[in-house]
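Read the figures in this text as sums done on the coordinates, not as results from a lab. What you see is a predicted model, and the numbers here were worked out from it, not measured in a lab. Cβ atoms come from the backbone with ideal geometry, glycine included; neighbour counts cover every protein chain shown.
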Amino acid sequence: MASSEKTSDQTPLLEISGLKTIFPTDDGIVNAVNDVSFSIARGQTVGVVGESGCGKSITGLSMLQLVPSPGRIEAGEILFYRNADDEPMDIARVSPKSELMRQIRGNEIAIIFQEPMTSLNPVYTVGNQIAEAVMLHDQVDKKTARERAIEMIARVGIPAPAQRVDEYPHQLSGGMRQRIMIAMALCCSPTLLIADEPTTALDVTIQAQVLGLMQELQAEMGMAIMLITHDLGVIADLADEVVVMYSGRVVERGSVDDIFYNPLHPYTQGLLKSIPVLGRTPQSTLPSIPGTVPHPLALPVGCSFAPRCPERMIACDAMPELVGINGKTENDEHAVRCWLHTDSEG
Ligand SMILES: Nc1ncnc2c1ncn2[C@@H]1O[C@H](COP(=O)(O)OP(=O)(O)OP(=O)(O)O)[C@@H](O)[C@H]1O
Ligand SMILES: [Mg+2]
């Protein structure tokens, strides 16, 4: 596990609290992100994990004011410490189209979108697209931007960068396109990179290379990473802190060691059991969590995981709070939203 090798200075970079992002639909309101709280320190990697539809991408998009319409941030704070010494600003209160938000996007917080193939424009060369990103954020001329693009293409490990710079996305392999996405995200040295399933579309060898590259660049640039994935193996390798989400809420949060060695929520325990283990007999099938994620417009009353939970009890008919397991405050490092770990009066 990566935690012991990582160095982050623990000064806060981003503190999300009580974030609620909704989508009004004809059939009712979808609470895509519901009372989500966690923080990211400078230089740290926070893994966000959970099954499809649990709100991982919408949390990331909320942090950049990029929630697609008609979705909107309904409540909560996203405190961003732009400079370590200054008061934080609340991104949740910044207008999505403002100049300030444009400056933050890319310059300070960059994102690698979940669908990279749709984020690259097929009619422009990759060099033009990287140069465009450079010029959007730095006052440099075209020639300098092109040189920076070649430098970034080389930096992300693509051979013959001086030739590749003039190629179109379709001329590159999937792994190379993903590297181009990383180059675009990192060309302005952001303080936070949101990487939404950065390797899902890649085969395992390329996946390992791309993740290794992200780690290398992180060490070099000192940026923090919010790594969104449904793959706990990737989290174990890269993350310092882990946020486990279910049906729009944080159900457990803690250090990578807390989550892997002392998982408390039955959902986290279920996710961990479904990781393949080297040496397990090939005949044995991988256990998965029985049942399916509830539809966001038909959530059960109380704890959303209760219908699938092996530990279900009467108390689960009410929604438990996220509580720290030591001091019982939400700010405790290891926190869980489960009646098994909540005082009855709480
Ligand atoms: N444009 C939209 N309109 C209505 N509901 C939406 C919209 N976009 C997302 N949602 C809902 O918000 C919830 C959270 O979606 P989100 O994309 O964050 O999930 P995710 O955890 O990233 O899943 P995946 O692992 O599949 O990427 C889901 O229930 C989804 O149906
Ligand atoms: Mg997603």
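Any residue in the stretch 167-187 that is in contact (Cβ under 8 Å) with a residue 12 or more places away in the chain, more than 27 Å from residue 48 (Cα to Cα) and buried (at least 19 other Cβ atoms within 10 Å of the Cβ)? Yes: one or more hits.
Looking at 208, 236, which one is farther than 18 Å from residue 13 by Cβ, buried (at least 18 other Cβ atoms within 10 Å of the Cβ) and of a type outside the set (Val, Ile, Thr)?
Details: 208 fails: buried (at least 18 other Cβ atoms within 10 Å of the Cβ).
Within the list 208, 236, the selection yields 236.
All conditions in (1) surrounded by 15 or more Cβ atoms within 10 Å (Cβ to Cβ); (2) in contact (Cβ under 8 Å) with a residue 40 or more places away in the chain; (3) under 30 Å from residue 269 (Cα atoms) hold for residue 52, with the sole exception of (1). Inside the stretch 35-51, residues that are in a strand (DSSP E or B) and either in contact with a Phe, Trp or Tyr (Cβ under 6 Å, 6 or more places away or on another chain) or not hydroxyl-bearing (Ser, Thr, Tyr) (or both) make up a count of 9.
Does residue 235 qualify as being within 16 Å of ligand 1 (Cβ to nearest atom), farther than 22 Å from residue 126 by Cβ and either hydroxyl-bearing (Ser, Thr, Tyr) or outside any strand (DSSP E or B) (or both)? Outline the logic, then answer.
Values: within 16 Å of ligand 1 (Cβ to nearest atom): yes; farther than 22 Å from residue 126 by Cβ: yes; either hydroxyl-bearing (Ser, Thr, Tyr) or outside any strand (DSSP E or B) (or both): yes.
The answer is yes for residue 235.
In the stretch 57-73, the residues that are within 18 Å of residue 107 (Cβ to Cβ) reach residues that are more than 9 Å from ligand 2 (Cβ to nearest atom) and part of a loop (DSSP other than H, G, I, E, B) with C-beta atoms within less than 8 angstrom, at least six apart or across chains, in these pairs: 61/67; 61/68; 65/94; 65/95; 65/96; 66/96. Determine whether the stretch 59-72 contains at least one residue that is away from ligand 2 (no atom under 16 Å from the Cβ), of a type in the set (D, E, K, R) and surrounded by fewer than 17 Cβ atoms within 10 Å (Cβ to Cβ). Yes, the conditions are met somewhere in the stretch 59-72. Taking (1) more than 30 Å from residue 288 (Cα to Cα); (2) surrounded by 20 or more Cβ atoms within 10 Å (Cβ to Cβ) in turn, residue 47 satisfies each apart from (1).
So that you can scan it fast, the table gives a plain yes or no per residue for (1) in contact with a strand residue (DSSP E or B) (Cβ under 6 Å, 6 or more places away or on another chain); (2) within 16 Å of ligand 1 (Cβ to nearest atom); (3) under 17 Å from residue 110 (Cβ atoms):
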| residue | (1), (2), (3) |
| --- | --- |
| 132 | no, no, yes |
| 144 | no, no, no |
| 147 | no, no, no |
| 165 | no, no, no |
| 169 | no, no, no |
| 198 | yes, yes, yes |
| 210 | no, no, yes |
